[in-house]
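**Student:** Dumping the structure here so I can ask a few things about it.
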Amino acid sequence: MSGLDTLIAKSLDLTIKENLGKKTLQKVEQRLFEKYGINLTQSIEDFTKLDSVLREFFGGGAEGLEKQFLENVVTLEETKSQDPNWVAIEDPSLAKLILESFGDEDKKNIMNSVLDEPRIVSEILEIAQIPQTSGYRKVNSLIDNGLLIVQGHMTTHDGKKVNKYKSIFDNVTINIEKNKVVVKVLLAKESIEKSSIIQVVQCR
Amino acid sequence: MLHWKKNSDKPEIVPKDLQSPINPKIILLILGSVACFQIFNSMEPKDSTKFTFFDFSYLVSFGVAAVFGIFISKRYWGSKIFGKSYLSLSLGYASYFIGSLVWYIYAVIYHVENPYPYYPDVAYFAFFPFVIYHLKRNIQFFKPKLEKKQKINLIIIPIVITLLFTFVTLVPMDITSGVFNLKFLPTPDHDQSFYTTTATSIAYVILDTLILSCTLVGFKIFRNSSLGSAWGLLLVGLALYTLADLIYYYFEAFGLDVANDVQGLWVGSAIVVCYALYKHKSFL
């Protein structure tokens, strides 16, 4: 699952439960399982399946619901002068996650090391100058949280394939506007291309 | 700027196990009950100082719709859309129930002849914002950006019907020789109460047609889905309500109380809305 989809997946069941109730969430999950044998989080990997189930329940109204999933996590910056991939992080828990990641010196160095190009874990730790024990733990934490995504692989001399990782974001800005911390990120082109949710949405 | 790709311009086929078909037996039962109600009610001598079985049924039908709404709201309690919108709908029907109760108190106990416009209208008017909130909440959440056609429908329907109503109420005409030989008559001298009553009636018509157009937009959003039948029934219920109101308020403008003649439509409307709420609950 793409990192962006992992981030959005967390908001999925919360969005349905908060707006439509626990019973509706249960019905959607039940139908996903009946029809495709998957749960709600897994449906993100193939968003068209979730889209299909939501359309069975809500018809044309599924569009509004899906838009809510995305907008609860991110909102798009509509400034024409800016890259259209700049997004403001709306989900407070996601904003907190990003802030905590960049607040941690080691995690910040890890993220910085893969801003421009994907690297394998050992390269990341070498560039970031982090000991292996704590380094692997922190890299795994970033992967689990969806802030690092797999992009390509490298074949070692003994024929093993090792994943390369890249940051989901190309750039991050953190501002304080009217006593509110505003986190804006520039999504990496690859994270958009791999996101099955974004594939349902066309960018202009 | 992102926009949503229309994944499917064709209607989704709702699988059989998810379909929530309208039971024709229940529809026949509702139609039959309303027809019997209306026939027997029209045979009842008109006496606004008496509280008859038909008045009781009329009152109870709206009370039951309010209770149904509460049960649905409780099912989704705490949720921003379903919980709040169904609570609002039930409050709307509860307001109407209170308005009717107060109306009967004035008519039957205090012998105020045809108390309109009067204090009960405060509660009657309260029905509309609650119902409009219910419709608006659902439409805004599930279809934040309406299509041009939907926006036009939302505005045109209330405007056209209100203008027609206002025209036929205020402009006296003779259609005894047929619609195509329509003759306009001189405007008679109406007293102040005619204009007060007519203004109140027009206000009701505007609100009635607004909820009708909102429900139509809502139905079109959900029609190709499992919620389609619930919204279809809601549309029918509110359409019956609007029709009853149009007839009632037209004659009220001329001081004629035709409540007995349209009570069946109001009762039918409330029963159909109860069925719509049941459908929603049974499926989702």
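The values are calculated or read from the model by the stated rules, or taken from the named source; none is laboratory data. The shown structure was predicted, so the numbers you read here are calculated from the model rather than taken from an experiment. As a convention, Cβ positions derive from the backbone with ideal geometry for all residues, glycine included, and neighbour counts pool all protein chains shown. What goes into the accessible areas is simple: the full protein's heavy atoms, side chains included, and nothing from ligands, DNA or RNA. Shrake-Rupley method; radii C 1.70, N 1.55, O 1.52, S 1.80 Å.
**Student:** Per DSSP H run of at least 4 residues, take -39500 (n - 2.57); add these up for the protein assembly as shown, divide by its residues and hand me the 222 nm value, nearest 500 deg cm²/dmol. Mind showing how you got there, number by number?
**Tutor:** Numbers: 18 runs with 301 residues, N = 488.
Rounded to the nearest 500, the figure is -20500 deg cm²/dmol.
**Student:** With every protein chain in place, what's the accessible area of B:Lys50 (1.4 Å probe, Å², nearest 10)?
**Tutor:** Here the residue's solvent-accessible area equals roughly 120 Å².
**Student:** Measuring from label point to label point, each 7 Å out along Cα→Cβ, what is the B:Ile152 to A:Asn179 span in nm?
**Tutor:** A separation of 4.8 nm, rounded to one decimal place.
**Student:** Kirkwood hydrodynamic radius (Cα pairs, Å) of chain A?
**Tutor:** Result for chain A, one decimal place: 18.2 Å.
**Student:** Taking a 1.4 Å probe, which of B:Trp266, A:Trp86 shows the most accessible area, and what order do the others take after it?
**Tutor:** Output order, biggest surface exposure first: A:Trp86, B:Trp266.
**Student:** Classify segment B:74-180: rounded, prolate or oblate, from the alpha-carbon gyration tensor (a ≥ b ≥ c, eigenvalue square roots; a/c under 1.5 rounded; otherwise prolate if a/b is larger than b/c)?
**Tutor:** Since a/c reaches 1.5 but b/c is at least a/b, the shape of segment B:74-180 is classed as oblate.
**Student:** Multiply the residue gap between B:Tyr119 and B:Phe53 by 0.36 nm, knock off their C-alpha separation, and tell me the result in nm, one decimal place.
**Tutor:** Gain on extension, B:Tyr119 to B:Phe53, equals 21.4 nm.
**Student:** In Å³ and rounded to a whole number, note down the convex hull volume per residue for the Cα atoms of chain B.
**Tutor:** 176
**Student:** To the nearest 10 square angstrom, what accessible area does A:Glu18 show with a 1.4 Å probe?
**Tutor:** Accessible area of A:Glu18: about 70 Å².
**Student:** Taking all protein chains in place and a 1.4 Å probe, what share, in percent, of the accessible surface of segment B:60-210 do carbon and sulfur account for?
**Tutor:** Details: 5670 of 8070 Å².
Using a 1.4 Å probe with all protein chains present, segment B:60-210 comes out at 70 percent carbon and sulfur.
**Student:** Something else about it: Tell me the angle of helix B:192-222 to the major Cα principal axis of chain B, expressed in degrees between 0 and 90 and rounded to the nearest ten.
**Tutor:** In chain B, helix B:192-222 runs at an angle near 20 degrees to the longest axis.
**Student:** Most fluctuating residue of B:Phe68, B:Phe222, B:Phe167 in a GNM of chain B with Cα springs under 10 Å: which is it?
**Tutor:** Taking springs between Cα atoms under 10 Å, the residue moving most is B:Phe167.
**Student:** Averaged over peptide A:14-25, how many Cβ atoms belonging to another chain are found within 10 Å of each residue's Cβ?
**Tutor:** Details: counts 0, 1, 1, 2, 5, 9, 9, 12, 5, 7, 6, 1.
Mean number of neighbouring Cβ atoms from other chains: 5.
**Student:** How much accessible area per residue does the protein assembly as shown have, counting only protein heavy atoms and a probe of 1.4 Å, in square angstrom?
**Tutor:** 50
**Student:** Taking only C-alpha pairs under 8 Å that are 6+ residues apart, what is the relative contact order of segment B:127-268 in percent?
**Tutor:** Relative CO of segment B:127-268 lands at 27 percent.
**Student:** Run the accessible area of segment B:223-272 with a 1.4 Å probe and give the carbon-and-sulfur part as a rounded percent.
**Tutor:** Numbers: 990 of 1450 Å².
Solvent-exposed carbon and sulfur of segment B:223-272 make up 68 percent of the total.
**Student:** Using a Cα distance threshold of under 22 Å, what count of lysine pairs results for segment B:20-168 when pairs must be 8 or more residues apart or interchain?
**Tutor:** Lysine pair count for segment B:20-168: 13.
**Student:** For helix B:148-170, report the angle its Cα long axis makes with the longest principal axis of the Cα atoms of chain B; keep it between 0 and 90° and round to the nearest 10°.
**Tutor:** Roughly 10 degrees between the two axes.
**Student:** Here's another thing I want to ask about it. Taking the square root of 5 times each eigenvalue of the Cα gyration tensor, what semi-axes in Å does the equivalent ellipsoid of the protein assembly as shown have, largest first?
**Tutor:** 60, 23, 20
**Student:** Provide a whole-number value for the mean count of partner chain Cβ atoms within 10 Å of the Cβ atoms in peptide A:46-59. Spell out each step's value before the answer.
**Tutor:** Values: counts 0, 1, 1, 0, 0, 3, 3, 1, 2, 9, 11, 9, 12, 16.
For peptide A:46-59, the averaged partner shielding equals 5.
**Student:** How many Å² of accessible surface get buried when B and A come together, counting both sides, probe radius 1.4 Å, rounded to the nearest 100?
**Tutor:** In total, this chain pair buries about 3300 Å².
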